[in-house]
1. State which residue is surrounded by the fewest Cβ atoms within 10 Å (Cβ to Cβ) when the search covers only region 161-179 and only residues that are among the polar types (S, T, N, Q) and closer than 14 Å to Asn193 by Cβ.
2. If I filter region 367-384 down to residues being of a type in the set (Ser, Thr, Tyr) and more than 19 Å from the chain's Cα centre (by Cα), which single residue comes out as modelled with the lowest pLDDT?
3. Which is in contact (Cβ under 8 Å) with a residue 12 or more places away in the chain and assigned to a helix (DSSP H, G or I), of Gly262, Gly312?
4. Please work out which residue is modelled with the highest pLDDT, limiting yourself to region 288-308 and to residues that are of a type in the set (D, E, K, R) and within 16 Å of Arg446 (Cα to Cα).
5. Looking only at region 279-335, filter to residues that are open to solvent by less than 10 Å² (accessible area, probe 1.4 Å) and aromatic (Phe, Trp, Tyr); which one of those is nearest to Phe207 (Cα to Cα)?
6. Check off (1) at pLDDT below 95; (2) part of a helix (DSSP H, G or I); (3) in contact with a Gly (Cβ under 8 Å, 6 or more places away or on another chain) for Leu322 and give me the number that stays unchecked.
7. For residues in region 7-19 being at pLDDT below 95 and not in a strand (DSSP E or B), which is most open to solvent (accessible area, probe 1.4 Å)?
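The values are calculated or read from the model by the stated rules, or taken from the named source; none is laboratory data. Quick caveat: nothing in here was measured; it's all calculated off a predicted structure. All Cβ positions, glycine included, derive from the backbone under ideal geometry; neighbour counts span all protein chains shown. Side chains are part of the model used for accessible areas, which takes the heavy atoms of the whole protein and leaves out ligands, DNA and RNA. Shrake-Rupley method; radii C 1.70, N 1.55, O 1.52, S 1.80 Å.
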Amino acid sequence: MQPTLHPADTYLLVLTRRDATELLLVREGRGWALPRVDVQPHQRIAPQLTSATSTIWGIEAYCSFISSLSAQGRPRQFKCAVMESVGQNDQAPAGALWVSRSRVESCVEESTAMTIRATYDELDDYAKNSARGHFAKPGWLRELFEWTQAHIDPWNLKLTGRFDQLNASPTFSLIRMETNRVAVWFKATGEPNTRELCVTTTLARLFPADLPIILAIHEEWNGWLLQEVIGDSLAETKQLSMWEHAAEEFAELQIASIPRVGELLHSQFKDLRIPTLAEKINPFLARVSDFMAVQQKARPAPLSGFDLASLGEALRACCRGLERMGLPDTVGHVDLNPGNILISRNGCVFLDWAEGCVIHPLLPLHYLIEHLARTCSGNALAANRLTTAYLRPWRCFYAAKELKEGLSLARILAVFAYAVATDSWRSVDPAQNPTLAGYFRSLTRRMHSDACHLLVRSEPCPN
């Protein structure tokens, strides 16, 4: 099958320098305009923007934020990215010029002037109130480099100035910075992921072999500095032995976390234990009933009230079954995907703990199985091999038959835990966000299908 092609999004660039007192204009016809680039959707935006400014205009730049304001007076609503040049005194490229903020509006059409004026109002607001988002202030990258250098000096590391920006927003940042030896990463998070700093630092302290080394913490920015892990991403391999290795090491991490569960819950890990999940079954299905009622498409057919009621019975039965097993709660990762797992010479390292939780230990394996099925779609034995590797450490405590029965019950609850891991299902308005409502309908159909194949009741599941 040919991949689905999506139309590119056009971004206007408010590309500034010298603490945003100047910005770049490019020749357009007989006049001047803001630079513009096309960005592919469903890919990281910041790397595409920085790459385009370098390739097209030869300017090394970084992105501060995507303006919440649409470009004014345009045939279609362009998005607007606020960027800053790393160089403060470089010559403008051919066909472009740097213009002072005070006179830029006289150089462009009124519609462009309106866009610049509105974007500068937003930029000024961030500059005056850094609490709204430090990474929207002019010059923040320079501050980050200075702070980073001060904290890597004890390791005799020196920044080279080369960097890759992977994420950009007023409160989120993800940047890789090269040094004279090993690279370092800076990550910062805002709402709704502010808890990731506490989660990550707690895990790094308790289980240092399983996470990257944290070099420094910047509490004001809710950010932390990491030493790069030298290894291969699990997402880049179909080699089953590596997947098995990752599954087994994650199980060992879970077992090691058992006596630390109370500390994890106190450190802002999400509570996705079985009793907590059971409490959310009825309110979640009631909300999904609302989503089903406003479905516009005829196919697939909306699940009926009877369908949702039987699904609720199945979920509660799975909860009871897993509780009877008596497996202890452990650390979990609702976003346990191969991109978040690195295989190094010293073992596996697990990344991006924004979805770190305390959970029944058998649920997270199903997330890894789901990703493996996409990677090795033609290998019917792949899931069995992964499951065997994951269960190997647990078999020191529980019988293999009991564990495999538990995995069958955990399959449907893994999807449910994924659906309720955040509270977005409670607040989403299907009229305002039909895509998200459709997403929850899809997850619920998946659970209903799994329930129909799972013998959790004495009578067959109704169609």
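1. Asn167
2. Going through the qualifying residues, I end up with Ser377.
3. Gly312
4. Going through the qualifying residues, I end up with Asp307.
5. Phe284
6. (1)
7. Pro7
Rundown of residues vs (1) assigned to a strand (DSSP E or B); (2) closer than 29 Å to Ser85 by Cβ; (3) touching a residue at least 12 places away in the same chain (Cβ under 8 Å), yes/no style:
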site	(1), (2), (3)
Arg162	yes, yes, yes
Leu197	no, no, yes
Pro212	no, no, yes
Glu220	no, yes, yes
